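The values are calculated or read from the model by the stated rules, or taken from the named source; none is laboratory data. For clarity, every value in this text was computed on a predicted model and none was experimentally measured. Cβ coordinates were reconstructed from backbone atoms using ideal geometry, including for glycine residues, and neighbour counts include every protein chain displayed.
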Amino acid sequence: MDTTKYTLDEKKMPKQWYNIQADLPEPLPPYLHPMTKEPLGPQDLAPLFPMELIKQEVSQDRYIDIPDEVLDVYRMWRPTTLYRAHRLEKALDTPAKIYYKYEGTSPPGSHKPNTAVAQVYYNKQEGIKRITTETGAGQWGSALAFAGMCFGVEIKVFMVKVSYFQKPYRRIMMQTWGANCIPSPSEETKSGRDMLAKDPDCPGSLGLAISEAVEEAMSREDTKYSLGSVLNHVLMHQTIVGLEAKQVLEDIGDYPDIVIGCVGGGSNFAGIFLPFLKDKIDGKKPDLRIINVEPFSCPTLTKGPYAYDYGDVAGLAPIAKMFTLGHGFIPPPVHAGGLRYHGMAPIICHLLKLKLVEARAVHQLATFEAGVQFARSEGIICAPETDHAVRVTIDEALKCKETGEKKVILFNNSGHGHFDMAAYDAYLAGKLQDYEYPKEKIEEALKDLPKTEG
Ligand SMILES: *Cc1c(COP(=O)(O)O)cnc(C)c1O
């Protein structure tokens, strides 16, 4: 029998994260201050983040030690399993080998606690008692709530109001782990009160929830703010995924030709591909292909310009050089909520600009079709976000069928879809639709890019 599951021994779990900044052929463009538009210094970020995370954000060290306390929590579900998708390969009748790293076995059900646990730990080390954050459908809020529980740090989550009422299960997870989750807009911040005065029935938005979480963190000494994707330190914490995958593949004498992942802010995919990208940069695997998959309705990497833009709708967050659809862009309501961000991790954008990675956009219906095919072969019901990676994995495996090539494909299975069954229900009932590329809305939003020198 061919082996299906490859899991590292717990004792062999990597003890350092990998920092791509040490190996970039050109350095990243600097962040700019949202008011002055001057390059950002560490002190500008100090009200929001603990110093250790600010240091990691700009560190040029190739490897950074994972603290023992963080490793102890990781061991609750790590190392995660690398699967060989024998049944999918058979269903597709492809000569390609398909592997996936499954991050859905963490307590919150996705890759997100890999960074949440590290972030809460560093905050606690620096005496912080409370952390605020925002969440849309609740994946990030639930990961941070879990991490707060692990270290006894109070977590307050501003959850977009429509999701708070329409998607209660992740809210209940947060509350079960002891976090305080409130609907945004709320009466607790000026940003929230101003909005409610204007529109008492405001359904909320991620941008507004960010403003509320940032405002509260800025106004209290004992409180800081936490972000679940996009930033350099977040991507670095996720490299535990790729380091484990690389080690296990090395043990069995295999190596991917193509690495595939879905991208919202870019953290789960960067987490798996960065350790392999090092080999491409070093010339050990020059023909390695890395494919970022995004929704056709929020085509940041495939259609956006590479420009300086704000990280949030309100214009409070740092300005970053990225592919962007404009900070005011509100994408169509596709079910993959985690992929509806207007920008993208500066690291991924920089790598795309340097042509070290590729990008592809896919339609919603095609992703659910792939997700159902995956569930009917491999069994796992993936998050709608993850189905984007599954789509392109299947497409590449079918290309191999045509050419007869025995390529090795690796994708990151970022999480399960057990709280997204309403989306599958809509798909199975034929009620889902594809959205056209929202050209006019994007052109409108791009008029508001900040004026900078870059
Ligand atoms: C949040 C999320 C994503 C998208 O975020 P990234 O930072 O791009 O990884 C993808 N998959 C799952 C399961 C998520 O919860």
On the basis of being at pLDDT 95 or above and within 16 Å of the ligand (Cβ to nearest atom), does Ala96 make the cut?
no
Any idea which residue in the stretch 278-295 is nearest to the ligand (Cβ to nearest atom), counting only those that are touching a helix residue (DSSP H, G or I) at 6+ places or on another chain (Cβ under 7 Å) and among the aliphatic types (A, V, I, L, M)?
Val293
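Can you find a residue that is small (Gly, Ala, Ser) and within 22 Å of Pro450 (Cβ to Cβ) anywhere in the stretch 35-53?
Within the stretch 35-53, the first condition is being small (Gly, Ala, Ser), and the residues that meet it are 41, 46.
Subsequent filtering for residues that are within 22 Å of Pro450 (Cβ to Cβ) retains 41.
Checking the stretch 35-53: at least one residue is small (Gly, Ala, Ser) and within 22 Å of Pro450 (Cβ to Cβ).
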Consider Ser205 against the criteria (1) of a type in the set (Gly, Ala, Ser); (2) at negative phi; (3) crowded, with 24+ Cβ neighbours inside 10 Å: it satisfies all of them except one. Which criterion is unmet?
(3)
Considering only the stretch 214-267, state which residues are part of a loop (DSSP other than H, G, I, E, B), near the ligand (Cβ under 10 Å from one of its atoms) and over 21 Å from Ala147 (Cβ atoms).
Val263
Strands (runs of 3 or more DSSP E) lying entirely in the stretch 118-204 (those with 1 or more residues that are touching a helix residue (DSSP H, G or I) at 6+ places or on another chain (Cβ under 8 Å), of a type in the set (Ser, Thr, Tyr) and over 17 Å from Arg220 (Cα atoms)):
130-135, 180-184
Name the residue, out of Leu71, Leu28, Leu24, Leu8, that is at pLDDT 95 or above, of a type in the set (A, V, I, L, M), out of contact with any Leu (no Cβ under 7 Å at 6 or more places or on another chain) and not in a loop (DSSP other than H, G, I, E, B).
Leu71
Spot the failing condition for Thr367; the list is (1) surrounded by fewer than 22 Cβ atoms within 10 Å (Cβ to Cβ); (2) under 16 Å from Ile291 (Cα atoms); (3) among the β-branched types (Val, Ile, Thr), and only one is missed.
(1)
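Looking only at the stretch 370-397, filter to residues that are among the small types (Gly, Ala, Ser) and under 15 Å from Tyr427 (Cα atoms); which one of those is surrounded by the most Cβ atoms within 10 Å (Cβ to Cβ)? Write out each step before concluding.
Of the residues in the stretch 370-397, the ones among the small types (Gly, Ala, Ser) are 370-371, 375, 377, 379, 383, 389, 397.
Imposing the further condition that a residue be under 15 Å from Tyr427 (Cα atoms) reduces the set to 370-371, 375, 383.
On the way: Ala370: 22, Gly371: 26, Ala375: 16, Ala383: 31.
Among residues in the stretch 370-397 that are among the small types (Gly, Ala, Ser) and under 15 Å from Tyr427 (Cα atoms), the one surrounded by the most Cβ atoms within 10 Å (Cβ to Cβ) is Ala383.
When residues of the stretch 341-375 are filtered for being in contact with a helix residue (DSSP H, G or I) (Cβ under 8 Å, 6 or more places away or on another chain) and not hydrophobic (A, V, I, L, M, F, W, C), how many remain?
Residues of the stretch 341-375 in contact with a helix residue (DSSP H, G or I) (Cβ under 8 Å, 6 or more places away or on another chain): 341-349, 351-352, 356-362, 365-374.
If we keep only those that are not hydrophobic (A, V, I, L, M, F, W, C) too, we end up with 341-343, 346, 358, 360, 367, 369, 371, 373.
Number satisfying all stated conditions: 10.
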Does the stretch 60-82 hold any residues that are under 13 Å from Lys15 (Cβ atoms) and without any contact (Cβ under 8 Å) to a residue 40 or more places away in the chain, and which are they?
Asp68, Asp72
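Looking at the structure I just gave you, is Pro286 part of a helix (DSSP H, G or I) and at pLDDT 95 or above?
Numbers: part of a helix (DSSP H, G or I): no; at pLDDT 95 or above: yes.
No, not satisfied.
When the residues of the stretch 2-37 are narrowed to those that are of a type in the set (A, V, I, L, M, F, W, C) and within 23 Å of the chain's Cα centre (by Cα), which ends up surrounded by the most Cβ atoms within 10 Å (Cβ to Cβ)? If you could, list the steps in order and put the result at the bottom.
The initial filter retains those residues of the stretch 2-37 that are of a type in the set (A, V, I, L, M, F, W, C), namely 8, 13, 17, 20, 22, 24, 28, 32, 35.
Now drop any that are not within 23 Å of the chain's Cα centre (by Cα), which leaves 13, 17, 20, 22, 24, 28, 32.
Working: Met13: 18, Trp17: 27, Ile20: 22, Ala22: 13, Leu24: 17, Leu28: 17, Leu32: 22.
In this case the residue turns out to be Trp17.
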Looking across the stretch 412-433 at residues that are in contact with a Ser or Thr (Cβ under 8 Å, 6 or more places away or on another chain) and part of a loop (DSSP other than H, G, I, E, B), the single one that is farthest from Met35 (Cα to Cα) is Gly417
Can you name the residue in the stretch 86-111 that is farther than 17 Å from Leu8 by Cα and polar (S, T, N, Q) and, of all such residues, is nearest to the chain's Cα centre (by Cα)?
Ser110
Can you pull out the residues in the stretch 398-412 that are crowded, with 24+ Cβ neighbours inside 10 Å and more than 12 Å from the ligand (Cβ to nearest atom)?
Ile409, Leu410
Do we find that Ser211 is closer than 30 Å to Ile260 by Cβ and either of a type in the set (Ser, Thr, Tyr) or assigned to a helix (DSSP H, G or I) (or both) in this structure?
no
Has the stretch 30-43 got any residue that is touching a Phe, Trp or Tyr at 6+ places or on another chain (Cβ under 9 Å), more than 27 Å from Ser377 (Cβ to Cβ) and without any contact (Cβ under 8 Å) to a residue 24 or more places away in the chain?
yes
Taking the conditions exactly as written (within 15 Å of the ligand (Cβ to nearest atom) and either assigned to a helix (DSSP H, G or I) or at pLDDT 95 or above (or both)), does Leu352 satisfy them or not?
yes
Please state which of the following conditions Gly417 fails to meet, knowing it meets all the rest: (1) touching a strand residue (DSSP E or B) at 6+ places or on another chain (Cβ under 6 Å); (2) in contact (Cβ under 8 Å) with a residue 60 or more places away in the chain.
(2)
